[in-house]
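Scroll down for the structure; my scribbles are underneath it.
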């Protein structure tokens, strides 16, 4: 079994319901077992600030041998669309009904395919990813051997209850 981590986010409509629907969709994928889910965190928007705050969560998955990183990413993108996500290349960091980002897939590293970069290229810069990731996998190591907790310690952010400011 390969361990994978996915970050969920929503800042449109009933964000909590959107995350719940995403969790159900992911848990129903063939060869996928939902092993752990972080708490829900309210997070300040990154990049484009003039939008509602996000609700974020990280999931830990166990993937059967037949599940590939490409297959999982494609399934996540299909589920995003089915749940109402409309991608707008001109507004890449704008509001979204649902976002599902594949953060890690085992110890795989990929940089040559812009469709699938592993680990996720911006995860080390984002407290809204690292705080919930450390919550559910406090001893997790990145493929290069860096502790995820160390990445979080390098960031400037503030955690107030379930709100993350960065």
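For this structure, a couple of remarks:
- Qualifying residue in region 143-159 (condition: more than 21 Å from residue 46 (Cα to Cα) and within 16 Å of the chain's Cα centre (by Cα)): no
- Residue match in region 59-71 (condition: part of a helix (DSSP H, G or I), closer than 24 Å to residue 151 by Cβ and touching a residue at least 40 places away in the same chain (Cβ under 8 Å)): yes
- All positions within region 141-166 that are touching a residue at least 60 places away in the same chain (Cβ under 8 Å) and outside any strand (DSSP E or B): 162, 166
- Residue match in region 73-80 (condition: under 27 Å from residue 153 (Cα atoms) and either under 12 Å from the mean Cα position of the chain (by Cα) or in a strand (DSSP E or B) (or both)): no
- Filter result (more than 17 Å from residue 9 (Cβ to Cβ), in contact (Cβ under 8 Å) with a residue 24 or more places away in the chain and not in a strand (DSSP E or B)) within region 92-118: 106, 107, 108, 109, 115, 116
- Tally of residues being surrounded by fewer than 14 Cβ atoms within 10 Å (Cβ to Cβ) and either modelled with pLDDT of 95 or more or in contact with a strand residue (DSSP E or B) (Cβ under 8 Å, 6 or more places away or on another chain) (or both) across region 112-140: 2
- Residues of region 141-166 satisfying the condition of being under 17 Å from residue 107 (Cβ atoms), surrounded by fewer than 21 Cβ atoms within 10 Å (Cβ to Cβ) and in contact with a strand residue (DSSP E or B) (Cβ under 8 Å, 6 or more places away or on another chain): 141, 142, 143, 147
- As for region 28-36, it holds at least one residue that is surrounded by 18 or more Cβ atoms within 10 Å (Cβ to Cβ), touching a strand residue (DSSP E or B) at 6+ places or on another chain (Cβ under 9 Å) and either part of a strand (DSSP E or B) or at pLDDT 95 or above (or both).
The values are calculated or read from the model by the stated rules, or taken from the named source; none is laboratory data. Everything numeric in this text was worked out from a predicted model, so none of it was measured. All Cβ positions, even for glycine, are placed from backbone atoms using ideal geometry, and neighbour counts span all protein chains on display.
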